[in-house]
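Accompanying notes for the structure given below.
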Amino acid sequence: MKVLVIGGDGYCGWATALYLSKRGYEVGILDSFVRRHWDLELCVETLTPIAPIQQRLQRWHDLTGKTIDLFVGDITNYAFLDKVLHQFEPGAIVHFGEQRSAPFSMIDREHAVLTQVNNVVGTLNLLYAMKESFPDCHLVKLGTMGEYGTPNIDIEEGYITIEHNGRKDTLPYPKQPGSMYHLSKVHDSHNIHFACKIWGLRATDLNQGVVYGVLTDETGMDELLINRLDYDGVFGTALNRFCIQAAVGHPLTVYGKGGQTRGFLDIRDTVRCVELAIATPANPGEFRVFNQFTELFSVGDLADMVAKAGSAIGLKVEVQHTENPRIEREEHYFNAKNTNLLDLGLQPHYLSSSLLDSLLNFATKYKDRVDESQILPKVKWRR
Ligand code: NAD
Ligand code: USQ
């Protein structure tokens with residue numbers, strides 16, 4: 001099957017494109033490289049030296065004999081997107097191509113607008129292009145667990161059955177996102193759901209938790225295939241940041257009380273979940289929602305785990321509760337369901353001391369590339 005990976009130059013997209021290519025899918029990558037541009041604008045760099053995509057793809061071909069097609073452009077440009085779809089004719093589209101940082105979206109009005117326009121318009125263009133010419137293509141869209149917020153009841157997978165005044169219905173689960181970025185994902189979900197309902201498109205929304213780790217079987221094959229690993233205060237995410245902070249001897253930055261609980265998963269499970277979704281597509285007209293995480297952790301507990309694993313390999317690690325730049329609950333109930341992907345056969349890589357060891361050693365290898373002035377958060381939700 002032909003799979004177009006939108007955002008295939010990014011953290012999740014690159015690992016997924018190689019994984020699918022290795023598994024025999026005919027893969028195309030569409031990317032505008034806008035993420036590399038945002039890094040330059042913010043003066044931040046991934047911990048790892050990522051090669052230009054053309055070199056990455058050439059190396060992949062040399063090592064495996066497999067070719068991945070490349071389409072360079074922006075999906076907010078409808079003419080470009082439509083042309084690519086006609087050229088490549090995908091059976092499934094995996095859509096990672098969005099601005100994905102909550103702090104980036106909260107910098108100021110311009111960044112909020114940029115995030116929502118990029119994400120919502122890009123996805124809308126995709127829905128229209130599919131409706132016009134590829135109505136049977138399966139859209140696998142990356143959503144986020146953060147769409148749900150932190151309600152004081154269990155979180156279901158996309159829908160909840162409610163009894164109200166003697167009547168009963170199954171409705172989209174209430175959304176309480178915590179940033180302009182997370183809001184853009186909610187808007188996307190509504191648009192995709194509507195498109196499935198009125199045009200009969202088929203879509204799977206993967207409400208992914210926070211991804212950690214860097215190596216997959218494929219990206220670990222060669223230095224030129226190395227994946228990005230962000231540690232800065234804008235694009236870096238909790239566990240990855242903590243491991244890199246430990247490697248350079250920076251106190252671990254737990255925001256506020258540290259009781260913020262989220263769903264997490266290993267990047268090796270991200271790629272597998274996407275394949276499971278592709279292999280069993282949603283039905284025509286169906287808007288399917290999977291919660292894509294394997295374990296729940298509070299950020300405080302994660303920091304303690306990293307401190308313990310760091311000490312075991314001789315690092316001196318301090319956990320520091322810093323002022324929380326975000327507006328969010330720091331102690332709350334959080335119990336989310338995640339059975340849909342397990343039912344499809346996902347065998348999770350649970351967080352283990354050996355994974356933490358390998359991530360800490362990986363971070364230590366590249367620690368000279370860390371700019372410590374980029375570690376502390378600079379973007380505040382309320383000034
Ligand atoms: P990333 O920034 O590393 O990659 C995103 C890629 O999309 C980049 O290469 C970027 O250039 C490209 N892109 C962005 N807008 C585009 C556009 N308009 N046209 C073409 N290309 C565009 O992000 P990531 O961490 O790989 O995340 C991928 C997706 O997964 C995002 O939708 C994100 O919301 C979701 N997600 C990520 C995580 C995580 O922990 N990284 C967790 C949950 C969900
Ligand atoms: N946090 C800290 N210290 C840090 C970094 C983060 O305590 O140094 C806390 C945050 O306050 C928050 C939690 O950790 O409570 C998660 O923050 P994060 O930066 O790791 O992740 P988040 O901003 O939620 O965004 C990331 C990805 C995003 C994806 C989301 C999944 O950037 O694309 O959608 O994870 S989820 O969190 O489930 O919505």
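Taking region 256-270 and a reference point 7 angstrom along Cα→Cβ of Asn335, the backbone N atoms nearer than 18 Å belong to 260-264. Counting only protein heavy atoms and using a 1.4 Å probe, the accessible area of Lys337 comes to about 70 Å².
Over region 2-374, the hull volume per residue, using the convex hull of the C-alpha atoms, is 133 Å³.
Atom-type composition of the exposed protein surface of region 2-374 places 50 percent of the accessible area on carbon and sulfur (1.4 angstrom probe).
Taking amide H as placed 1.01 Å from N in the peptide plane, Val27 has its amide H under 5 Å from the amide H of Val3, Asp69, each at least 5 places away in sequence or on another chain.
For the chain, the solvent-accessible area of protein heavy atoms averages 42 Å² per residue (probe radius 1.4 Å; ligands and nucleic acids excluded).
Largest GNM mean-square fluctuation among Pro52, Pro135, Pro251, using the chain with Cα springs under 10 Å: Pro52.
Could you sort Asp301, Asp371, Asp82, Asp188 by accessible area so the largest value comes first, with the probe set to 1.4 Å? Display every interim value, and only then the final one.
Numbers: Asp301 85, Asp371 65, Asp82 40, Asp188 0 Å².
Putting Asp301, Asp371, Asp82, Asp188 in descending order of accessible area: Asp301, Asp371, Asp82, Asp188.
Give, in nm to one decimal, the length gained when the segment between Gln87 and Gln176 is fully stretched (0.36 nm per residue of separation minus the Cα-Cα distance). Mind dumping the intermediate values first?
On the way: separation 89, 0.36 × 89 = 32.04 nm, distance 3.90 nm.
Taking 0.36 nm per residue and subtracting the Cα distance, the gain is 28.1 nm.
Please report the antiparallel percentage of the DSSP beta bridges confined to the chain, to the nearest 5. Walk me through the intermediate numbers first.
Details: 10 of 49 bridges.
For the chain, the DSSP antiparallel bridge percentage is about 20.
Its Cα gyration tensor gives region 221-287 an equivalent ellipsoid; the semi-axes, largest first and in whole Å, are 31, 19, 9.
Our note on the geometry: Cα centres of region 183-227 and region 254-286, 8 Å apart.
Estimated at 0.36 nm per residue, the fully extended path between Lys367 and Asp217 surpasses their Cα-Cα distance by 51.8 nm. Take every pair of alpha-carbon atoms less than 8 Å apart whose residues are at least six positions apart; their mean separation over the length of the chain yields a relative contact order of 20 percent. At q = 0.11, 0.13, 0.16, 0.17 Å⁻¹, what base-10 log of I(q)/I(0) does the Debye formula yield for region 243-383 when every alpha carbon is treated as an equal point scatterer in vacuo? Rounded to two decimals, the profile gives -0.54, -0.72, -0.99, -1.06. Ranked by the mean number of other Cβ atoms within 10 Å of their residues, highest first, the peptides 89-96, 112-119, 339-346 fall in the order 89-96, 112-119, 339-346. Return the subset of Lys2/Lys22; Lys22/Lys66; Lys308/Lys380; Lys22/Lys83; Lys185/Lys257 for which the Cα-Cα distance in this structure is over 18 Å, preserving the input order. Long pairs (Cα-Cα over 18 Å): Lys308/Lys380; Lys22/Lys83; Lys185/Lys257.
Taking every DSSP helix (H) stretch of at least 4 residues in the chain, weighting each as -39,500 (n - 2.57) and dividing the sum by the residue count yields a mean residue ellipticity at 222 nm of -11500 deg cm²/dmol.
The values are calculated or read from the model by the stated rules, or taken from the named source; none is laboratory data. What you see is a predicted model; the values in this text were computed from it and never measured. Cβ: placed from backbone, ideal geometry, glycine included. Neighbour counts: every protein chain shown. Calculation scope for accessible area: heavy atoms of the full protein, side chains included, ligands and nucleic acids excluded. Shrake-Rupley method; radii C 1.70, N 1.55, O 1.52, S 1.80 Å.
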